[in-house]
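Take a look at the structure set out below.
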Amino acid sequence: MSTIRTFLSRHALIAGLVLMFALTWPIDLAYAGLLPIEIPFAAYLFLGWGFVLAALIMTGLTQGKMGVAGLLKRYLIWRVGLRWYVFALGLYPVMFLAALGMIAVWRQASIDLNQTMAAQFFGASASWPFFVLPYFLFEAVANGEEMGWRGYVLPRLQAVRGPLTSALIVGVIWGFWHLPKFLSPFDPAVFSMVMVKNVADSVLYTWLYNNTRGSLLLVTLFHAAGNTAAFFLLPSVGVDGRVGVLLLIVLLDVLTVTGLVFSTRSTLHDARSPAI
């Protein structure tokens, strides 16, 4: 057992990533119809909990109970200042609304929210604004990705590399993890935009994580806000104009990250990730 623990400790990052993919990709591939197995929809909804399980298993095997407790306690870091809550909850909705506003001005038409994923799910006649908060809370609970990406992977990378380099590496892996969602059928253009967005987003997540003393609560709220904004504001798959809106959102994302890196470069690099 000690030999296995030593091996896993030496290769904790790679072993953790392999386990995260192993616990999530089969569900994603099966739901996309690419594996001959039946997956309950509930399992797909809680797909991100594969990251929670992987992070807890690997942390427990390599750091013991104290390591697991330390990881979980990062969800209790909430006294971080109001501005970080504004950033976490407001950036993505503002970004999505700005993109829709630009498209509306260019087309000289009003913003149409009747073709979003939310409108299709709840029905165009439903009072969908009443569903925003419940959906956001569900996303915050159901999506466990942040324990993996920012709770497990990022600190181990930042232990040997700078925050910006670590953020870019996590972004590439994070983007690649989404591949099964775009394989049936494969849309290289959309997947390329998602890759770029994930890399840019990863810099924002790292900045938020480092400047809130490693708060998994804040990055989880940030993730939930982004998914909620996409569900209620982004045109659904197959809707005319979806790609254009997505491209504009990606451009706004990249511009935001570029401005952040150049204006707060010292903050990004001087921030310290929690010990692992």
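The values are calculated or read from the model by the stated rules, or taken from the named source; none is laboratory data. What you see is a predicted model; the values in this text were computed from it and never measured. Here Cβ is always computed from backbone atoms with ideal geometry, including for glycine, and neighbour counts include all displayed protein chains.
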Among 201, 240, which is among the charged types (D, E, K, R) and modelled with pLDDT under 95?
240
Residue pairs, Cβ under 7 Å, 6 or more apart or interchain, first in the range 93-109 and more than 25 Å from residue 222 (Cα to Cα) and in a helix (DSSP H, G or I), second at pLDDT below 90 and of a type outside the set (Val, Ile, Thr). List them.
104/110
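Please verify whether residue 253 is part of a helix (DSSP H, G or I) and of a type in the set (Asp, Glu), treating the condition exactly as stated.
On the way: part of a helix (DSSP H, G or I): yes; of a type in the set (Asp, Glu): yes.
Considered against the rule, which asks whether it is part of a helix (DSSP H, G or I) and of a type in the set (Asp, Glu), residue 253 comes out as yes.
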Going through the range 133-177 one residue at a time, which ones are outside any helix (DSSP H, G or I), without any contact (Cβ under 8 Å) to a residue 60 or more places away in the chain and of a type in the set (A, V, I, L, M)?
160
Taking only the range 128-171 into account, find how many residues are β-branched (Val, Ile, Thr), under 17 Å from residue 207 (Cβ atoms) and in contact with a helix residue (DSSP H, G or I) (Cβ under 7 Å, 6 or more places away or on another chain).
3
Every residue from the range 202-244 that is within 22 Å of residue 134 (Cβ to Cβ), polar (S, T, N, Q) and either within 15 Å of the chain's Cα centre (by Cα) or part of a helix (DSSP H, G or I) (or both):
220, 227, 228
Residue match in the range 47-68 (condition: farther than 21 Å from residue 215 by Cα, surrounded by 16 or more Cβ atoms within 10 Å (Cβ to Cβ) and either of a type in the set (Gly, Ala, Ser) or under 23 Å from the mean Cα position of the chain (by Cα) (or both))
yes
